[in-house]
Structure formats: C-alpha cells, structure tokens
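The values are calculated or read from the model by the stated rules, or taken from the named source; none is laboratory data. Since the model is a prediction, treat every value here as computed from it, not as a measurement. Methodologically, a virtual Cβ is constructed for each residue, glycine included, from the backbone with ideal geometry; neighbour enumeration extends over all protein chains shown. All accessible areas refer to the heavy atoms of the entire protein, side chains included, with ligands and DNA or RNA removed. Shrake-Rupley method; radii C 1.70, N 1.55, O 1.52, S 1.80 Å.
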Amino acid sequence: MLETSIAAVPLKNPVITASGTFGFGHEFQPYFNLSRLGGISSKGLTLNERYGNEGERIYETKSGLINSIGLQNPGVDFFIHHELPFMKGLGTAVIANLGGGSMEEYLGGIEKLNATDVDIIELNISCPNVKHGGMAFGIQTETAYQVVKEVRRVCRKPLMVKLSPNAENIVQMAVRCEEAGADAISLVNTFKAMAIDIKTKKPVFKNVFAGLSGPAIKPIALRMVYEVAAAVSVDVVGMGGISCWQDAVEFILAGAKAVQVGTANFIRPNICLEIIDGIEAYMINEGIRSLEQIRGVAHTA
Ligand SMILES: Cc1cc2nc3c(=O)[nH]c(=O)nc-3n(C[C@H](O)[C@H](O)[C@H](O)COP(=O)(O)O)c2cc1C
C-alpha cells in the first residue's frame, strides 16, 4: 500500500530521513525500529573529512531552525568502511548524500561511492564553490548543469540531485538538472537566512548567513515542489518543514513520490514512524490503495 520508488529503486514507504538531521542512524536506534523507514539519507559526505564551521552552529527561531554546520563529516572512505555496513544492515534504502567544494572533489567522491552498495547518490549542490568565490553550485542554473553533467558521466548509481531553494530559478534549475542526467530531483535544502544578537549587536553566525529549515519554510517548499513536479518527468522527492503526516500527504498531492523529514527529527525522534503510520491510516480512511492514486492530484484541481 505504501510502496513507492525513486529512480526505479524500490522503497517500502515514502518516508526518508533528510541528510544532516539523522546522522548515519545510530542515535535514533533507541527510539524506533529503523527498518520501518522508507530510506535514510546520510549526513552530507565530502571526499575528505571536514571539521565544519566555527562559532554558533544551531540557532532556534520561531517555527524554525537556522544551522551553520559547515558539512562536518568523517569523509567518504570512513563512511564506506564504518557506517555503510551498519546502514545496509537496517533493511531500508541507503542514500549517500554527497557534497563538494570543487568539481574534482565531487568526482572523487562519486568514484568511491560507485564501488559500494549504496542504493542512491543524492548530490548536494548547495555547497560553496571554493574556486569561484564561494557561491554555491546550486544558485546559477548553468553552473549546476555543468556539475550534474560531469557527475553523470562518472556516476554509475541512480543520481538524485538536491536543489537549493536559493536557486535563481528553481523550475529552470530542475529542468536543466534533468537534462544533465539526473534520475531524480530532491528539494528543498535550507533557505539563506540570518540572526543578529541584540546584545553583541553582531550576526549570530561567523559566516553571517546560515540555512533556515523547519515548519517556517513548509509553504514555500511545498510551492517549489508543486512547480518542479509539473516541469520535470523524473521522480521528485519533496521536503522542507514536514513535521506531521498531513504535511507529508500535502507534498505527495503536490507531486512528490517520496518525502524527506529533517528538523522534525530533533523535536520528536520517532516522528518518521508517526508519519508513516499516519499516511497509512489516512489511505485506509480515504479508500486509497496506492500512493500513485493521489500523487500530484493537486495539479488537476
Ligand atoms: C542541522 C542540519 C544539517 C543539515 N545538513 C545537511 C547536509 O549535510 N546535506 C544536505 O544535503 N542537507 C543538509 N541539511 C538540509 C536538510 O537535509 C533539509 O533539506 C532541510 O533541513 C529542509 O528540511 P526540514 O525543514 O525538514 O529540515 C541539513 C539541515 C539541518 C537542519
């Protein structure tokens, strides 16, 4: 009943934990049986380990969270040898989320992940391009197109490209990523945001700007998923502020084949289980036999 697929990879249900909010799964094991998940997207990986940003990293705001983690992670090799075996043993789809500061770094990570049994690679193009003034790859459509095209050339796994909501034009961005060879599109990453400390009278974050997530972004993320789902023919995975099953159903009605849940995991560690059960109960109550029956239905309203 809840089965779906992303880029032809079968998922037992449409609920995936979002990158950077679920680590590699360990910390959430005490809260629920992780095999119930449709999938887990790993913490964002880079070719080599990274220590992340200095200063404030997490800041709560009304109905949201601003983070400036800076992609702290143990690197692709460590992931492959020490985290992937555990994740594969959970019996859920394993998505490796990969970032990079340069084309070479992306390609190096892809080559290593090609040789593993990860089910899907999720390419995070929201990372700053260190060789070009630090503007994220995912802002300008043509820059993103070039990255995805190069990555596609070497990538032998199903490739899901994760879009930034800060893109100059989210619909064109999605269309060009599909043309460059993406097998699926996931969106959205965090929104560029900031906070100011009224005592020090300075920005809270060392990098001044950071990424906003959580319920505050949901209506905008939903609008973006709705628009992108109408414009591409590859599978779309929706996320941004999902914190209950009703939110997840909205994203499916907007055209998403699956959803990712991020910030809500910090508030209720077993929220994904509640969302899975809630979607199932909704389907039973409404007499819906498969997700395909309702996917994208909001477009025909
Ligand atoms: C603390 C934190 C760390 C994150 N790290 C990553 C990351 O490493 N890679 C990535 O693609 N997205 C990362 N994200 C973005 C989330 O995966 C997700 O796209 C975003 O938070 C929107 O969903 P949400 O509102 O449900 O959290 C991070 C988000 C948070 C809050």
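In nm, what is the difference between 0.36 nm times the number of residues separating N48 and I220 and their Cα-Cα distance?
58.6 nm
Classify the range 1-112 from the C-alpha gyration tensor, please: rounded if a/c falls under 1.5, else prolate or oblate depending on whether a/b exceeds b/c.
It is oblate, given that a/c is not under 1.5 and a/b is not larger than b/c.
Taking 35 Å as R0, compute the FRET efficiency from the Cβ-Cβ separation of K202 and E179 and round it to 0.05.
Working: r = 43 Å, r/R0 = 1.23.
Computed FRET efficiency for K202 and E179: 0.20.
Pick out which of I275, I220, I284 has the largest mean-square fluctuation in a Gaussian network model of the chain, springs linking Cα atoms closer than 10 Å.
Among I275, I220, I284, the largest GNM mean-square fluctuation belongs to I284.
If the convex hull of the alpha-carbon atoms of the range 79-119 is projected onto planes in all directions, what is the mean projected area in square nanometres?
2.8
Of K162/K201; K162/K199; K131/K206; K12/K162; K62/K201, which sit over 31 Å apart, Cα to Cα?
Check vs 31 Å cut-off fails for K162/K201; K162/K199.
Which of I267, I198, I288 moves the most in a Gaussian network model of the chain with Cα springs under 10 Å?
I198
I want to verify the translational diffusion coefficient of the chain in µm²/s; compute it with Stokes-Einstein, Rh as the Kirkwood radius over Cα pairs, at 4 °C and 1.567 mPa s.
68
How big, in percent, is the set of alpha carbon pairs in the range 86-224 lying more than 20 Å apart?
51
Starting from the Cα-Cα distance between K62 and N270, subtract it from 0.36 nm times their residue separation and give me the gain in nm to one decimal.
Taking 0.36 nm per residue and subtracting the Cα distance, the gain is 72.7 nm.
Given R₀ = 41 Å, FRET efficiency for I284-E27 by Cβ-Cβ distance, to 0.05?
0.80
Kindly provide the helix-only [θ] at 222 nm of the chain, computed as the sum of -39,500 (n - 2.57) over DSSP H runs of four or more divided by all residues, to the nearest 500 deg cm²/dmol?
-8500 deg cm²/dmol
Counting only Cα, what are the radius of gyration and maximum Cα-Cα distance Dmax of the range 31-92, in Å?
14.6, 39
Most fluctuating residue of S164, S126, S68 in a GNM of the chain with Cα springs under 10 Å: which is it?
S68
What distance in nm lies between label points placed 7 Å from Cα along the C-beta direction at V297 and I69?
3.4
Please give, to one decimal in nm, the separation of the simple spin-label points placed at E168 and E3, each 7 Å out from Cα toward the Cβ.
4.4
Carbon-plus-sulfur fraction of the accessible area of the chain, 1.4 Å probe, in percent?
On the way: 6720 of 12900 Å².
Roughly 52 percent of what the probe reaches on the chain is carbon or sulfur.
About the Cα centre, and with charges only on the beta carbon of Lys, Arg (+1) and Asp, Glu (-1), how big is the dipole of the chain? Nearest 20 debye, please. It would help to have the intermediate numbers written out before the result.
Working: 27 positive and 30 negative charges, 111 e Å.
Here the chain has a charge dipole of around 540 debye.
Enter the accessible area per residue of the chain (Å², integer; probe 1.4 Å; all protein chains in place).
Averaged over the residues of the chain, the accessible area is 43 Å².
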